[in-house]
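**Q** Here it is: the structure, laid out below.
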Amino acid sequence: MPIYDQSYRPYRGHLSSHAMRWWTITRTGLMHLFSKKIFLVLITMTFFYPVVAGFQIYFVHQFPEQNLVTINAEFFRMTMEIQLLWFLVLGIYPGTGLISNDLRWNAIQLYLSKPLTKLDYIAGKLAIIGIFLLGVSLVPGLLLFGLQLGFSSDTKFLTSFWWIPFSVIGYSVSASFAWGMIVLALSSLSKNSRYVGILLIALVFASGGMALFFWGITDAEGVIIISVIDELKQLSYLFFGGQGAFGNHGFAAAITLVFLMGVCAATLRRRVRAVEVVK
Amino acid sequence: MVIEVRDITIQYGRHKALDAATAGFAEGAVGLLGPNGAGKTTLLKVLLGFLRPDSGSASVLGMSVPERPLDVRQAIGYMPEVDCHIPGLNAVQLCTYAGELCGMPRTEAIQRAHEALYYASLGEARYRPVETYSTGMKQRVKLAQALVHGPRIVFLDEPTNGLDPKGRIEMLDLIKDLSRRKGVNVVLSSHILRDVEEACSSVVMLSKGKVVRQGSIAELMKAVPDLYEVRLKGDSDPFTEAVVAAGASWKPLQDGLIEVSLLNGHGSEAIFRAASVSGSQVRHLSRRFPSLEDVFARAVGVE
Amino acid sequence: MTGAVLECRGLSRWYGQVIGINDVNLDLAPGVTGLLGPNGAGKSTLLKLITGQIKPSRGTVSLHGQTVWDNPDVMRRLGFCPEQDALYENLTGLSFVASLARLNGYSRAEARERALKAIGKVDLLDAKDKKVGGYSKGMRQRIKLAQALVHEPEVLILDEPLAGMDPLARRSTIRLIREIAADGGTVIVSSHILHEVEAMTRSILLVHHGRIVAEGNVHEIRDLIDEHPHRIFLGTPEIRRVAEALVKWDDVQGIRVDDEGLVVETIRPDAFYSRLPGLVLEHNFKVESMISADDNLQAVFDYLVK
């Protein structure tokens, strides 16, 4: 046929398997974020403390007689705890917009009308924030451990603290997953990402305030796990040992977080839907 | 039938959104009609797998919807009525994304996105963010993203909303092209019955959750024999008097039309004769076909 | 001009460099007038000027001689049903219409009574105590219409009044609009759905590029469009015989053969229509239908808006 029909034709090409469908959502989300300058600035800032910690390790090895700081499990745990600040910041941006923007612009209908399950959608969105949370916890943790190893002249450090990388991985994965779920669930509660931001800050401070209040009344350290941020802090004691101002309630914190995950999962299942039920 | 629903019921408290609805959607373009609240949107959502019916079965292209929702959605394209887009993307990115979400590799998705956007007549604007688009452009993007993965059926919900007269004609032409020449089945949900008459070959009519009429438009709108509709220029009294004098009868319709009921055996020449005798100018003459609106009103039980 | 309710003289409005409305002169008579034009033609700007929402850059808009802009007395006599869908979701239908009625200065009781009347006109009485947030699209549109009617305005300005309505509601709303006009009211309806405008009125205003391109009766306008001869479809099984007879007429400029008949082009439709019955009877032709292919709004629109 000399004249070709340039208009619509059916698609006879290849279709990928369903397993990696969530990755498409993650990848698009990441690409979109990386195109924003403010985000790149933010990411750069998250390396601030790890770089400082790196220099601490360097100085300890350069000037051992100064006894500047001890590189032990607590050092790594402390790094994880300090980076929790970025958990909060990343939770607000890009966290709050993850699902709320889609709700606002009716995009959920578009997603769910494709061959995607709700789980694909949620997993894809979780991975967006999850990757960054891991980036501020897992990556610096392992890099610092590697740095310490690199500077060590003997195997003393390795024999005592060989388990630290596993703890770093274990902690960062669980904390990232937990916090990611919380942020995602909150993001699904409103069409307005600003309200979600307020909700998130309110949750952190209100739970913190309540925990201190109950501690004042009961004088029992354990109540600190009412505070969400403290749950994450206490979780670090579970993986790294030691204890903080309120003792070591890592296990209890872990159980609370698991329970909280259940609530988040249920919320997400309810809120991510293509139909709006109007009473 | 490309889509079949049998005894679908969905109940919210005491209100039945769908009440044992049974219908078959034929090949080509099918109009889905019904008053507000009749269950049209609910039915679409059942077919898309967004809602689970309390009872009954639904199958699309032979696949059962509750059992194989992903396969069904692979074969369907959906153009929602409401404004919807993925924030931060332009038309090309959105359509590419839509294709990738259906499993297309990225390079293929980009190509198909451009093709679909050309087909939907969205030109250079495709490189601007969708937030900046006019209503008409947003409609075109919604259509393009539904077509990217080459579905065998597309569900179009009020596709001509907000389009100016030229845009409406383009959209209807596109629907006709898809269903008549490109082998894509179309389910057109619309309140503008003229659009449905123009673009569809059959209809499914819902009312109060039940299917009240279905079938080919030609069947439903058969011309009534010996009944003609006439429009005249100027005063119609001389004409109507001549009609009566010839032994036929007439009655006024809306829009200045006159319905003339001829005697057996007489054809349209009786009308020309009446016009000639009375010196009237006939400007419009045709057999009386019920409009889809008449069929609709009768089916829904309203006069 | 006598009979004109709303007058625009030299009306222009620009936004920086962008011209919205360019030197418009028009006289709106009682009855229904259809306002048409492609997207971006200036229709919404014109409506905003007429309803006093924006100030003209040049020229005037006046109701019975009084300017509309910044004049609450005049604006009180206008009723506007906008295209945008922004309602107070938490109010019931009745309170929504009644509160807007009170903006006209009515007492609480009178506003309520008028609101009930207006809601009755749009057939929403059974939903008046439900929250607007729960209304379907068609119901939202009707409640918007009710608030435009509640103060019995002299001029009713409707922007896409049928949007979202189902076919039955469309029919009854068209009927309502015609009734209002029959009772002496003045209505402007802006719509893209040409066959529905045709069902309401023959009187149109066509806007393009910020200017009025045509104004008046659609058939008269069609007759004035010389470059496009009238096309008339004749449904007949005896295509060639009829064609042979017709081609002898000097007003016939072209004949095209179709599946079911032929399409004749004539530059003098009046003459053509007058002579046709005689021809049909003389030759005993079987002509089943005669349909004007382009003596309608769509064609006028297409020909004037390139």
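**Q** Can you report the number of residues in the range A:57-103 which are assigned to a loop (DSSP other than H, G, I, E, B), hydrophobic (A, V, I, L, M, F, W, C) and buried (at least 20 other Cβ atoms within 10 Å of the Cβ)?
**A** 1
**Q** Can you tell me how many residues in the range B:49-66 are over 18 Å from B:Y12 (Cβ atoms) and within 14 Å of chain A (Cβ to nearest Cβ)?
**A** The qualifying residues number 6.
**Q** Only one of (1) assigned to a loop (DSSP other than H, G, I, E, B); (2) small (G, A, S); (3) within 26 Å of the chain's Cα centre (by Cα); (4) at the interface with chain A (Cβ under 9 Å from one of its Cβ atoms) is not met by B:A116, so which one is it?
**A** So the condition that B:A116 fails would be (1).
**Q** For B:D157, are the conditions met, namely being of a type outside the set (S, T, N, Q), surrounded by fewer than 22 Cβ atoms within 10 Å (Cβ to Cβ) and either under 23 Å from B:L18 (Cβ atoms) or out of contact with any His (no Cβ under 6 Å at 6 or more places or on another chain) (or both)? Spell out the reasoning first.
**A** Values: of a type outside the set (S, T, N, Q): yes; surrounded by fewer than 22 Cβ atoms within 10 Å (Cβ to Cβ): yes; either under 23 Å from B:L18 (Cβ atoms) or out of contact with any His (no Cβ under 6 Å at 6 or more places or on another chain) (or both): yes.
So B:D157 passes the test.
**Q** If you don't mind, another one. Taking the options B:G167, B:G162, name whichever one is more than 7 Å from chain A (Cβ to nearest Cβ), surrounded by fewer than 23 Cβ atoms within 10 Å (Cβ to Cβ) and on the phi > 0 side of the Ramachandran plot.
**A** Every option except B:G162 fails the conditions.
**Q** Look through B:R194, B:R231, B:R213 and report the one residue that is basic (K, R), under 16 Å from the mean Cα position of the chain (by Cα) and within 22 Å of C:S292 (Cβ to Cβ).
**A** Result: B:R194 is the single residue among B:R194, B:R231, B:R213 that is basic (K, R), under 16 Å from the mean Cα position of the chain (by Cα) and within 22 Å of C:S292 (Cβ to Cβ).
**Q** For the range B:119-137, give me the residue count where each residue is crowded, with 19+ Cβ neighbours inside 10 Å, within 11 Å of chain A (Cβ to nearest Cβ) and either aromatic (F, W, Y) or in a helix (DSSP H, G or I) (or both).
**A** 2
**Q** Further, regarding this structure: Tally up the residues in the range B:200-253 that are among the acidic types (D, E) and at pLDDT 85 or above, please.
**A** 4
Residue-by-condition table, conditions (1) touching a Leu at 6+ places or on another chain (Cβ under 8 Å); (2) under 15 Å from A:M78 (Cα atoms):
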| residue | (1), (2) |
| --- | --- |
| A:D219 | no, no |
| A:G222 | no, no |
| A:D230 | no, yes |
| A:A253 | yes, no |
| A:L260 | no, no |
| A:A265 | no, no |
| A:L268 | yes, no |
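**Q** Looking for whichever is within 8 Å of another protein chain (Cβ to nearest Cβ), in contact (Cβ under 8 Å) with a residue 12 or more places away in the chain and either in contact with a Pro (Cβ under 7 Å, 6 or more places away or on another chain) or of a type outside the set (G, A, S) (or both) here; the options are B:E269, B:E259, B:E293. Which one fits?
**A** Answer to the selection: B:E293.
**Q** Please work out which residue is modelled with the highest pLDDT, limiting yourself to the range B:148-169 and to residues that are touching a Ser or Thr at 6+ places or on another chain (Cβ under 6 Å) and farther than 21 Å from B:F25 by Cα.
**A** B:R168
**Q** May I pose another question? Do we have any residue at all in the range B:215-232 that's more than 10 Å from chain C (Cβ to nearest Cβ), in a strand (DSSP E or B) and closer than 30 Å to B:A21 by Cα?
**A** Yes, because at least one residue in the range B:215-232 is more than 10 Å from chain C (Cβ to nearest Cβ), in a strand (DSSP E or B) and closer than 30 Å to B:A21 by Cα.
**Q** Do you know which residues across the range A:171-200 are more than 17 Å from A:G95 (Cβ to Cβ) and surrounded by fewer than 16 Cβ atoms within 10 Å (Cβ to Cβ)?
**A** Correct list: A:V173 only.
**Q** Going by the structure shown, is A:Q148 in contact with a strand residue (DSSP E or B) (Cβ under 8 Å, 6 or more places away or on another chain), at negative phi and in a helix (DSSP H, G or I)?
**A** Answer is no for this residue.
Yes or no, residue by residue, for (1) crowded, with 22+ Cβ neighbours inside 10 Å; (2) of a type outside the set (G, A, S); (3) more than 13 Å from the chain's Cα centre (by Cα):
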position: C:I119; (1), (2), (3): yes, yes, yes
position: C:V122; (1), (2), (3): yes, yes, yes
position: C:G133; (1), (2), (3): no, no, yes
position: C:S136; (1), (2), (3): no, no, yes
position: C:E152; (1), (2), (3): no, yes, yes
position: C:T186; (1), (2), (3): yes, yes, no
position: C:A199; (1), (2), (3): no, no, no
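**Q** Then there is this: Which residue is surrounded by the fewest Cβ atoms within 10 Å (Cβ to Cβ), if the candidates are limited to the range B:179-190 and must be of a type outside the set (A, V, I, L, M, F, W, C) and over 8 Å from the mean Cα position of the chain (by Cα)? Give the steps one after another, and end with the answer.
**A** First pass over the range B:179-190, keeping only residues of a type outside the set (A, V, I, L, M, F, W, C): B:179-183, B:185, B:189-190.
If we keep only those that are over 8 Å from the mean Cα position of the chain (by Cα) too, we end up with B:179-183, B:185.
Details: B:S179: 22, B:R180: 14, B:R181: 11, B:K182: 17, B:G183: 13, B:N185: 23.
Ranking the candidates gives B:R181 first.
**Q** Now for a separate question. When you scan the range C:185-276 for helices (runs of 4 or more DSSP H) that lie fully inside it, which ones turn up with 2 or more residues that are free of Cβ contacts under 8 Å to residues at least 60 places away in the same chain and of a type outside the set (A, V, I, L, M, F, W, C)?
**A** Passing ranges, in order: C:218-224, C:239-246.
**Q** Here is a check on your reading of the model: is A:R27 without any contact (Cβ under 8 Å) to a residue 24 or more places away in the chain, outside any loop (DSSP other than H, G, I, E, B) and within 14 Å of chain B (Cβ to nearest Cβ)? Lay out the reasoning, then the answer.
**A** Working: without any contact (Cβ under 8 Å) to a residue 24 or more places away in the chain: yes; outside any loop (DSSP other than H, G, I, E, B): yes; within 14 Å of chain B (Cβ to nearest Cβ): yes.
Criteria met by A:R27.
**Q** I'm trying to understand the selection: among the residues of the range C:175-211, which are among the basic types (K, R) and away from chain B (no Cβ under 14 Å)?
**A** The one that is among the basic types (K, R) and away from chain B (no Cβ under 14 Å): C:R211.
**Q** For the range B:197-206, enumerate the residues that are touching a strand residue (DSSP E or B) at 6+ places or on another chain (Cβ under 9 Å) and surrounded by fewer than 24 Cβ atoms within 10 Å (Cβ to Cβ).
**A** B:E197, B:S201, B:S202
The values are calculated or read from the model by the stated rules, or taken from the named source; none is laboratory data. Fair warning: this is a prediction, and the values are worked out from it, not measured in the lab. With ideal geometry, Cβ positions are generated from the backbone for all residues, glycine too; neighbour counts draw on all protein chains shown.
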